[in-house]
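The values are calculated or read from the model by the stated rules, or taken from the named source; none is laboratory data. These numbers come from a predicted model, not from an experiment. Please note: Cβ atoms are built from the backbone with ideal geometry, for glycine as well, and neighbour counts cover all protein chains shown. We work out accessible area using only protein heavy atoms, side chains counted, and drop any ligands, DNA or RNA first. Shrake-Rupley method; radii C 1.70, N 1.55, O 1.52, S 1.80 Å.
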Amino acid sequence: MPTATDAGRGRGRHTLAILLGLALSAVLLWWAMRGLRLADVWTHIRSAPPGPLLLAVFLATLTFPLRALRWRILLRLHDGTPLPLGPAWHALAIGYMANNLLPLRAGELLRAFAASRLAPVRMSTAFASVAVERVFDALTVVAMLVVALLTADLPENIRFGELSVPALARRIGILAAVALLAAALVLARPDPAARLLERLVPWPALSRRLVGLLYGVRDGLAALRSPARLLLLGAWCVAVWCVNAVSFQALFPGFGIDLGFAGAILVQSMIVFLIAAPSTPGFVGTFEAGIVTALALYGIPGDRALAYALTYHAATFLPITLLGLWSTTRTIGWGELNRGRTQELGNRPA
């Protein structure tokens, strides 16, 4: 049974994580803005035409209903039917809204909680499905990054030490492909992977957390026993991330950035990797640093890259946040009506 000391340690860890996220976001935002004149950045923002921005916002927002449809493949009711679309959408919108407004990615937990209140599913099952979704997202982003790095037309004149950017990109692409294969093997054989983690990780607390996460993902994969359903999930993952990448590409012309789809994937991947670290709600700083870093590989000036990053981030932040707030107010009474069904399900033997 948790003690007051355990609770105090938990609060201390959460506080430390929040402070670390704030510090890291501040450092990355400073890095993205270093040496730039804000007047130049504002000039780029003010002169950007509205057409590309509206298209980018539409495409970025479109990914959320696509994610809701994809989630229904993973999260099933007790009778095996998919989670109804209404609860799936509202829970997902609430979760992403919370990630934009609350620290520590609280939206992931709130999304599972909302699903358990809006439909007869256990919260543990909903949370496991979110964990599996995140794993497949990571695998998809890495796979797309491998293709982009091996095919992107990066400039030869930009170098890191002795390596040109294209040569460095190819090496990173090969390493990413190896990591992708290793992750697939871990998912295919979770028990040997868990034993290996216990041996290799010297800190017992961290080892237990990693093993628990691995088995949580394994439990979430129970909904994918059918190979057809697994392939369907993979196809949906590719569709979601391709649409998201196209949203980045759609805004390029508005800032005079002449890059294709591979460049958009590099921007997307850099953001995903950086926002995986602790940061502020809404990923302020990490998001901008990811875009500025990716565009720097193509020689895009910092003021233009930062203007693009700030515009994309602010414009795409608002729709899902407002939709999540609307879903919150829309489903308060609905959740009360469904609570009895959910609690009844929770009292059933697993």
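Positive end of the dipole of the stretch 115-205 (Cβ unit charges, origin at the Cα centre): among Ser124, Val165, Val147, the Cα lying farthest that way belongs to Ser124. Each label was represented as a point 7 Å from its Cα along the Cα-to-Cβ direction; for Leu62 and Asn157 these points are 3.6 nm apart. What net charge is computed for the residues neighbouring Val41, neighbours being all others with C-beta under 15 Å from the C-beta of Val41, Lys and Arg scored +1, Asp and Glu -1? Cβ neighbours under 15 Å give a net charge of +1.
Determine, from the Cβ-Cβ distance of Ile174 and Leu102 and an R0 of 35 Å, the FRET efficiency 1/(1 + (r/R0)^6), rounded to the nearest 0.05. Taking R0 as 35 Å, the efficiency between Ile174 and Leu102 is 0.40.
Backbone N atoms of the stretch 69-106 closer than 18 Å to the 7 Å Cα→Cβ label point of Ala235 belong to residues 69-75, 82.
Here the chain is treated with +1 on each Lys and Arg Cβ and -1 on each Asp and Glu Cβ, and its dipole about the Cα centre works out to around 960 debye. Just the number, please: carbon plus sulfur as a percent of the accessible area of the stretch 67-138, 1.4 Å probe, no ligands or DNA/RNA counted. About 72 percent, which is the carbon plus sulfur part of the accessible surface. A straight chain from Thr329 to His14 at 0.36 nm per residue would run longer than the Cα-Cα distance by 110.6 nm.
Please identify the helices of the chain, taking whole runs of DSSP H, that span at least 27 Å along their own axis as judged from the Cα atoms and have a mean Kyte-Doolittle score of 1.0 or higher. Going by DSSP H runs, the hits are 50-74, 123-151, 165-188, 227-251. May I ask you to give the solvent-accessible area per residue for the stretch 53-186, in square angstrom, as obtained with a 1.4 angstrom probe? Per-residue accessible area for the stretch 53-186 comes out at 43 Å². Summing charges over all other residues whose Cβ lies under 15 Å from the Cβ of Ala245, with Lys and Arg as +1 and Asp and Glu as -1, gives 0. Taking 0.36 nm per residue of separation and subtracting the Cα-Cα distance, full extension of the segment from Thr81 to Trp203 would add 39.8 nm. Seen from Leu295, the other residues with C-beta closer than 13 Å to its C-beta sum to a net charge of -2, counting Lys and Arg as +1 and Asp and Glu as -1.
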